[in-house]
Amino acid sequence: MTALIDIELELITRATPRFPLAVVRDELDNELLKELPTIQIQQIPAGSEDGLRLTRMLVDIDVYAAARAKAIDLAREVHDWVTRELRGSASHTAVIGRTGAITLPAIRPYENTALRRVGATYEIYCHPVS
């Protein structure tokens, strides 16, 4: 049995009810300015697995908002969610063990000056539910 799970789907499914005032998605579209704030969750093509059950996933989470302060505040909430609430949690598809920040939330450049982007990179150790 593989240790791989769809971490984007897992986190989007969990984040949607946790952040009801934001749009949570994996890909951005042309309507981004109409869907603020937005939380974008994307797996980075990296990480590792132990060959048995445990996988270390790397995930980028970007927050988009109309104002810098709002983007920073929401990114802090997301950071606390990943590093505190997700740790040790389980759903019907995955168990999440240790979580941590590889890079802390910080302003990231974005070509559209009508919004602000704050992002961080996280490592998430997880395995499928048996």
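The values are calculated or read from the model by the stated rules, or taken from the named source; none is laboratory data. What you see is a predicted model, and the numbers here were worked out from it, not measured in a lab. So basically every Cβ, Gly included, is an ideal-geometry build from the backbone, and we count neighbours across all protein chains shown.
Among the residues that make up the range 96-108, is at least one of them part of a strand (DSSP E or B), farther than 23 Å from Pro128 by Cβ and among the charged types (D, E, K, R)? Within the range 96-108 (the criterion being part of a strand (DSSP E or B), farther than 23 Å from Pro128 by Cβ and among the charged types (D, E, K, R)), the answer is yes, since at least one residue qualifies.
Restricting the first member to the range 43-64 and to residues that are small (Gly, Ala, Ser), and the second to residues that are in a strand (DSSP E or B) and surrounded by 15 or more Cβ atoms within 10 Å (Cβ to Cβ), the beta-carbon pairs closer than 8 Å and six or more apart or on different chains are Ala46/Leu58; Gly47/Thr55; Gly47/Arg56; Gly47/Met57; Gly47/Leu58; Gly47/Glu123; Ser48/Thr55; Ser48/Arg56.
Report whether or not Ala67 is within 14 Å of Val118 (Cα to Cα), surrounded by fewer than 21 Cβ atoms within 10 Å (Cβ to Cβ) and touching a residue at least 12 places away in the same chain (Cβ under 8 Å). Against the criterion (within 14 Å of Val118 (Cα to Cα), surrounded by fewer than 21 Cβ atoms within 10 Å (Cβ to Cβ) and touching a residue at least 12 places away in the same chain (Cβ under 8 Å)), Ala67 qualifies.
For the range 32-56, name all the residues that are under 17 Å from Ala15 (Cα atoms) and crowded, with 17+ Cβ neighbours inside 10 Å.
Of the range 32-56, the ones under 17 Å from Ala15 (Cα atoms) are 35-43.
Result: Leu36, Pro37, Thr38, Ile39, Gln40, Ile41, Gln42, Gln43.
Which residue is surrounded by the most Cβ atoms within 10 Å (Cβ to Cβ), if the candidates are limited to the range 70-95 and must be out of contact with any Phe, Trp or Tyr (no Cβ under 9 Å at 6 or more places or on another chain) and part of a helix (DSSP H, G or I)? Going through the qualifying residues, I end up with Ala75.
When you look at Leu4, is it under 18 Å from Leu86 (Cα atoms), more than 15 Å from the chain's Cα centre (by Cα) and in a loop (DSSP other than H, G, I, E, B), yes or no? Outline the logic, then answer.
On the way: under 18 Å from Leu86 (Cα atoms): yes; more than 15 Å from the chain's Cα centre (by Cα): yes; in a loop (DSSP other than H, G, I, E, B): yes.
Judged against the criteria, Leu4 is a match.
Looking at the range 36-51, is at least one residue more than 17 Å from Pro128 (Cβ to Cβ), under 12 Å from the mean Cα position of the chain (by Cα), modelled with pLDDT of 95 or more and not in a strand (DSSP E or B)? No - not one qualifying residue is present in the range 36-51. Close Cβ contacts (under 7 Å, 6 or more residues apart or on different chains) running from residues in the range 98-121 that are farther than 21 Å from Leu32 by Cα to residues that are surrounded by 16 or more Cβ atoms within 10 Å (Cβ to Cβ) and aromatic (Phe, Trp, Tyr) comprise Arg98/Tyr125; Thr99/Tyr122; Gly100/Tyr122; Ala101/Tyr122; Ile102/Tyr122.
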